[in-house]
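Asker: What follows is a single structure, and I will ask about it in a moment.
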Amino acid sequence: MTMARNTMRGFSKRIRAIADGVEDNTNKGMRRTVLAVASAVALKTPVDTGRARANWQTHIGGPPPGEVGAYPKGKAGSTGAAAAAQAIAQAEGVAASYKAVHSGKDVYISNNLPYIGRLNEGHSDQAPAGFIEAAVMAGLNAIRKMKVVK
């Protein structure tokens, strides 16, 4: 009887360890996916003032309300690197808080500017059409690489 109990305890411990690993790996995969999409979309958004790049917002539980205000002149630089960095940093913060605070809720990566659709359709010589779809594909690739059970 004691041997059976020890065997069951050992089995139970292993199952708990696997379950904890699944949760941790799922959260890590979610963070990688959010960062893959947010980084790709921010870096591929065409730049004039940097406002379109800076308006990529990451929120949990629903789409973000409104737009990011006007981007200060000169801060975005000629490449819009600062605007992309702002959007990516915000996504990193949201992804990092996901497990502790918001586990199980949807994550939204949105841009509420009225002209973002036209930019994605190719109305800028600076970026090809479909940069948003390409970012979603980067997220799908991150999901495909994810190992839930190791």
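Asker: Please identify the helices of the chain, taking whole runs of DSSP H, that span at least 15 Å along their own axis as judged from the Cα atoms and have a mean Kyte-Doolittle score of 0.0 or higher.
Answerer: For the chain, where a helix must reach 15 Å along its axis and average at least 0.0, the hits are 81-97, 131-145.
Asker: What does the helix-only formula give at 222 nm for the chain: each DSSP H stretch with n ≥ 4 adding -39500 (n - 2.57), the total divided by the residues, and the result rounded to the nearest 500 deg cm²/dmol?
Answerer: Helix contribution divided over all residues of the chain: -18500 deg cm²/dmol.
Asker: Along the three principal axes, how long is segment 85-150 when you take its alpha carbons, biggest first, rounded to the nearest angstrom?
Answerer: 43, 24, 20
Asker: With springs only between Cα atoms under 10 Å, which of Ala91, Ala135, Ala17 fluctuates most in a Gaussian network model of the chain?
Answerer: Ala17
Asker: If I histogram all Cα-Cα distances within the chain using bins 10 Å wide from 0, what percent of pairs lands in each bin?
Answerer: 11, 33, 27, 13, 7, 5, 3, 0
Asker: Mean-square fluctuation check for the chain, GNM, Cα pairs under 10 Å: which of Arg14, Arg118, Arg32 is largest?
Answerer: It is Arg14.
Readers should treat all values here as calculations from the given coordinates under stated rules, not as data from a laboratory. The structure displayed is predicted, hence computed values, not measured ones.
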